[in-house]
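The values are calculated or read from the model by the stated rules, or taken from the named source; none is laboratory data. From a predicted model like this one, the values you see are computed outputs, not experimental measurements. Here the Cβ positions follow ideal geometry from the backbone for every residue, glycine too, while neighbour counts run over all protein chains shown.
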Amino acid sequence: MRKNDKKKILFVEPRGTHSNVFDKSMTIPLLGPLYLATIAEQAGYDVSVINENILGRKISPEELVSIDILGLSCITATVNRGKEIASEYRKIRKANDLKSRAIIGGIHASMIPGDVEPYFDQIIVGEAENIIIDVLSGKIKDKIVYAPRNNNLDGLPFLNFNLLKDSEKMNVFSIMTSRGCPYNCNFCSVTKMFGREYRTQSPQRVIDEISRYKNVVIFFSDDHFAANIKRTDQMLDLMIEAGFNKPWSAQVRTEVTKKPKFVAKMKKAGCITVYVGLESINPQSLKEMNKNQSLEDIERTIKIFHDNGIKIHGMFILGNDSDTKDVFKRTSDFSIKTGLDYVQYCILTPLPGSKTYSQFEKEGRLLHKKWDFYDGLHVVFRPKNMTADELQRGTIRCFQDFYSFPRAIKCALNTTFNIATTTIQKTYTRAHFPSLRPALMRLVGRTIINNWIDYNKAYLKYLSSLPNISLEGS
């Protein structure tokens with residue numbers, strides 16, 4: 001059968017609320033829709049992908065009316081928009097006397113399929129690559145399809161980013177080299193979705209894929225890039241041997257800095273930034289989250305990455321049960337004192353599938369299940385040692401302290417000096433040249449934060465109106 005005789009498939013990643021202060025600086029699409037689209041295209045389907053964040057607007061009726069099968073991939077914060085798209089799609093197809101078929105997958109649907117069941121014809125729970133063609137073809141007709149974990153990641157195709165509409169707008173290309181996490185943090189739903197078994201692609205398979213991309217920045221989207229440090233070390237060796245000089249970033253845990261030579265090799269291979277879950281400067285909170293790291297680990301990590309010229313995007317979680325109101329100033333002071341290049345202050349969020357969600361739901365501490373606000377930047381539960389309003393405003397103050405005009409100027413001056421020194425010494429490559437991006441983020445960050453506050457006035461008012469109920473001692 002010719003390609004044009006087959007059904008048209010559209011995979012969509014919906015946009016969420018205007019909530020993330022980092023949306024303006026970097027848009028990284030979920031890889032699930034791209035893998036499924038690539039597999040479907042190779043099977044001969046007429047397929048495309050739309051990411052509403054990259055598109056910069058909502059998907060239009062014209063883009064939906066000609067689609068025979070609509071596939072949605074949603075996280076918790078975008079699932080309501082996904083339901084909205086599915087409803088609009090069905091209405092448009094019905095108005096044109098056309099059949100519709102809407103399928104949803106992704107972590108939210110996998111964790112609580114019952115929440116999305118009324119809106120979709122089929123729900124895929126788990127990793128869909130090995131069963132997607134049977135679902136699209138109609139061979140699998142079950143309402144809820146339980147997909148097995150993929151144990152052959154080398155068998156996945158190279159991603160075809162050309163299937164993504166407006167992919168030329170992307171400033172970072174995301175690559176997956178592993179799935180699963182051997183750790184079991186209470187706030188995380190990754191373990192339930194992908195398991196604790198750390199499944200990997202072979203180092204050579206990774207090199208073959210990243211070598212296809214020219215003049216781009218690579219982001220390794222693995223939940224932990226170096227969970228198997230020996231395997232990652234082999235991959236770095238191959239990158240260096242191949243002369244790979246594209247800048248890249250990855251998510252790592254603090255324990256990688258117990259091996260300084262490994263960190264130095266990351267830098268040599270082109271690493272410019274690491275995303276590290278520092279989580280908290282409160283030792284008791286680290287224990288509550290089952291993070292298996294100490295404040296000493298965090299301090300060592302910041303020093304060793306900086307000693308090797310690698311920028312740090314430090315991620316904190318505020319609002320654990322042992323956190324008191326002084327945690328905001330202490331966390332803010334720590335971020336500034338240690339010279340973190342970027343910070344992301346997240347409010348503890350009970351995501352479906354996490355132990356935190358199960359605990360808070362059992363204790364009756366969830367304020368609501370309006371999923372749009374489950375994004376790490378809105379308080380959606382009753383904290384223990386402060387009010388919900390105090391947690392929300394304390395987190396905002398942390399952002400305002402870090403992303404300020406005076407700190408932007410200071411950072412820019414320091415970077416300008418480093419650029420001048422590096423240029424004189426002629427010791428740079430593209431991947432290693434000093435960047436003004438941290439200074440720029442501080443400069444624009446305050447505006448982004450102010451816009452967020454303005455957009456969320458109604459929610460801030462809602463939190464301030466809640467009864468002042470303390471859970472201390474309960």
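Being over 14 Å from I347 (Cα atoms) and either in contact with a strand residue (DSSP E or B) (Cβ under 7 Å, 6 or more places away or on another chain) or outside the structural domain of M266 (by TED's automatic domain parsing) (or both) is the filter here, so list the residues in the stretch 287-305 that pass it. Correct list: K291, I298, T301, I302, F305. Of all residue pairs spaced 6 or more apart or on separate chains, those with beta-carbon atoms under 6 Å, a first member in the stretch 93-108 that is under 14 Å from S66 (Cβ atoms) and a second member that is part of a loop (DSSP other than H, G, I, E, B) and of a type in the set (S, T, Y) are R93/S100. If only residues of the stretch 49-79 that are of a type in the set (S, T, N, Q) and buried (at least 20 other Cβ atoms within 10 Å of the Cβ) are counted, the one that is farthest from E13 (Cα to Cα) is T76.
For the stretch 95-134, how many residues are of a type outside the set (A, V, I, L, M, F, W, C) and either touching a Ser or Thr at 6+ places or on another chain (Cβ under 7 Å) or assigned to a loop (DSSP other than H, G, I, E, B) (or both)?
Selection size over the stretch 95-134: 14.
Scan the stretch 142-165 for residues that are crowded, with 17+ Cβ neighbours inside 10 Å and closer than 18 Å to P203 by Cα and the total you get is 4. Condition (residue is outside any loop (DSSP other than H, G, I, E, B), farther than 19 Å from G71 by Cβ and in contact with a strand residue (DSSP E or B) (Cβ under 8 Å, 6 or more places away or on another chain)) applied to the stretch 149-158: is it met by at least one residue? Yes: one or more hits. Against the test of being closer than 22 Å to M386 by Cα and either touching a residue at least 12 places away in the same chain (Cβ under 8 Å) or among the basic types (K, R) (or both), the options V276, V327, V263 yield a single qualifying residue, V327. Within the stretch 320-339, restricting attention to residues that are in contact with a Pro (Cβ under 9 Å, 6 or more places away or on another chain) and among the charged types (D, E, K, R), which residue is surrounded by the fewest Cβ atoms within 10 Å (Cβ to Cβ)? Going through the qualifying residues, I end up with D321.
For the stretch 166-222, a tally of residues being surrounded by fewer than 17 Cβ atoms within 10 Å (Cβ to Cβ), assigned to a loop (DSSP other than H, G, I, E, B), modelled with pLDDT of 90 or more and touching a helix residue (DSSP H, G or I) at 6+ places or on another chain (Cβ under 8 Å) returns 2.
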